[in-house]
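Remarks on the structure that follows.
The values are calculated or read from the model by the stated rules, or taken from the named source; none is laboratory data. As the structure is a prediction and not an experimental result, all values here were calculated from the model. Methodologically, a virtual Cβ is constructed for each residue, glycine included, from the backbone with ideal geometry; neighbour enumeration extends over all protein chains shown. All accessible areas refer to the heavy atoms of the entire protein, side chains included, with ligands and DNA or RNA removed. Shrake-Rupley method; radii C 1.70, N 1.55, O 1.52, S 1.80 Å.
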Amino acid sequence: MMSKRPNKYQYLWLITGVALLAALVFFTLSAVFVRQAVIEVQVKATDNDGFDGIVCYFVEPSFQLRWMHSVEKQWWEEQYQREHDGLLLTTTYFQAFGAGTPSTETLAPIQKPGYLGYQINQKLPQLNWVVSRLTKGEIDYGDHQVLIHQLVPDYSEVTIMPKTYGFTDRLKKDFCHDFTSDGSR
């Protein structure tokens, strides 16, 4: 009895099938096991106004918090960098300031017109920030400006922290810039 040997097209199909299967296994495993460093923003639900809370994230390694000082009515800005074990407050910028504002720090290497900037370099595990419509708090990162004061009830506590997300975490949560000013997506 004569055995039939596979022809060159059958070998080609076999090699193509094995390559596709290997690629599928590789992408599946990378989606499951590869984790991405992110900045997570959480606002807990409150008992009033029917607010359900927000959990969102962004992947940019640096961001800025910006708000209007409640007494002086001038803008303040803080610039942060994500690190593996927390956040680094790199610089602060003030349009004006008064008693209690630190003034012994080194001047920031880059000064912004109309602001006085200080180099801070203070590590923090996370940020807890209270925002309201009066202070007009916003989170700026990349090309995005998130007006957090329009998304949450007044005097909401916003927690900002570095995290690592797996593929399924990223599917379950939204980018912060996907929220509109009324908190909807």
Just to verify a result, which residue in the range 84-106, among those that are in a strand (DSSP E or B) and touching a residue at least 40 places away in the same chain (Cβ under 8 Å), is farthest from residue 73 (Cα to Cα)? 86
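Yes or no, residue by residue, for (1) of a type in the set (Gly, Ala, Ser); (2) touching a strand residue (DSSP E or B) at 6+ places or on another chain (Cβ under 8 Å):
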| site | (1), (2) |
| --- | --- |
| 94 | no, yes |
| 97 | no, yes |
| 108 | yes, yes |
| 114 | yes, no |
| 119 | no, yes |
| 123 | no, yes |
| 129 | no, yes |
| 137 | yes, yes |
| 141 | no, yes |
Just give me the residues in the range 111-166 being surrounded by 15 or more Cβ atoms within 10 Å (Cβ to Cβ) and on the phi > 0 side of the Ramachandran plot, in sequence order. 136
Would you pick out the residues in the range 162-180 that are in contact with a helix residue (DSSP H, G or I) (Cβ under 9 Å, 6 or more places away or on another chain) and not aromatic (Phe, Trp, Tyr)? 163, 166, 168, 176, 180
What number of residues within the range 35-48 are modelled with pLDDT under 85 and surrounded by 11 or more Cβ atoms within 10 Å (Cβ to Cβ)? 2
If I go through the range 78-110 residue by residue, how many of them are over 30 Å from residue 42 (Cα atoms) and open to solvent by 50 Å² or more (accessible area, probe 1.4 Å)? 8
May I ask you to say which residue of 175, 179 is in contact (Cβ under 8 Å) with a residue 12 or more places away in the chain and open to solvent by less than 70 Å² (accessible area, probe 1.4 Å)? 179
Quick one: in the range 115-151, of everything that is over 17 Å from residue 91 (Cα atoms) and among the aliphatic types (A, V, I, L, M), which residue is nearest to the chain's Cα centre (by Cα)? 146
Pairs needed: first member in the range 110-126, among the charged types (D, E, K, R); second member anywhere, surrounded by fewer than 13 Cβ atoms within 10 Å (Cβ to Cβ); C-beta distance under 9 Å; at least 6 residues apart or different chains. 123/85
